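Step one of this worksheet: look at the structure below.
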């Protein structure tokens, strides 16, 4: 009877294809595994790269929206600074006249009205709210991420608290000043019912002093907010430029 092993060797020789030894088969199998692992690693690397590219695109899109919101804020901040500074100036003129008992003149009517003037901060917050939903980590730059939180959560938040106090003061003043002026056309001019009595009115003089301080404080805080706004815009512009 022919030896099976010899028969297999013989068959291999006859076909011209030598049979693989156990060692060579093992090396071949290891090579196949390595190729599969390399393929998986390459696929993972490509997937990670695609994911990073997707996140970067999303980040730049949101930064562009934040930039537009900050530019809009900046225009309104400047407007608020001008309005509050104008009101503080009018009050200063009125206090000088009343405290020194200077004679009445028609030019004061504008300042009486302007003393009641107040503003609303037309702040745009939707892009930042979107960022909070998506997660602050979407912003890669640590300094930019921290500054965004400082601007929106701290400074803008405080500005709205001041605004609430200002509007409350405005509403109370309107109610109490009906008897002091012939009309409350605070967007135009207001003429006192009796200027000489107004000079001696303790409430009105105290209200002017308080309101002047509030307006000057609001101007100061809006200027700080404007500085923060500019710093943010510079950082955002740098991030957008780096992605081009």
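Quick rundown of the values:
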item: Top-ranked residue of the stretch 230-244 - restricted to ones that are free of Cβ contacts under 8 Å to residues at least 24 places away in the same chain and assigned to a helix (DSSP H, G or I), ranked as nearest to residue 78 (Cα to Cα); result: 234
item: Failed condition for residue 71, given (1) in a helix (DSSP H, G or I); (2) loosely packed, with under 12 Cβ neighbours inside 10 Å; result: (2)
item: Flag for residue 212 being in a helix (DSSP H, G or I), within 20 Å of residue 110 (Cα to Cα) and touching a helix residue (DSSP H, G or I) at 6+ places or on another chain (Cβ under 6 Å); result: yes
item: Hits in the stretch 170-197 - residues which are within 40 Å of the chain's Cα centre (by Cα), within 15 Å of residue 117 (Cβ to Cβ), touching a residue at least 12 places away in the same chain (Cβ under 8 Å) and not in a loop (DSSP other than H, G, I, E, B); result: 170, 173, 174, 177
item: Extreme residue, surrounded by the most Cβ atoms within 10 Å (Cβ to Cβ), among residues of the stretch 198-208 that are free of Cβ contacts under 8 Å to residues at least 24 places away in the same chain and within 43 Å of the chain's Cα centre (by Cα); result: 206
item: Qualifying residue in the stretch 24-38 (condition: over 60 Å from the mean Cα position of the chain (by Cα), in a loop (DSSP other than H, G, I, E, B) and either closer than 30 Å to residue 242 by Cα or at pLDDT below 80 (or both)); result: no
item: In the stretch 109-141, the residues that are without any contact (Cβ under 8 Å) to a residue 40 or more places away in the chain and either surrounded by 18 or more Cβ atoms within 10 Å (Cβ to Cβ) or under 14 Å from residue 236 (Cβ atoms) (or both); result: 111
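The values are calculated or read from the model by the stated rules, or taken from the named source; none is laboratory data. If you're wondering where the values come from, they're calculated on a predicted model, not measured in any experiment. Methodologically, a virtual Cβ is constructed for each residue, glycine included, from the backbone with ideal geometry; neighbour enumeration extends over all protein chains shown.
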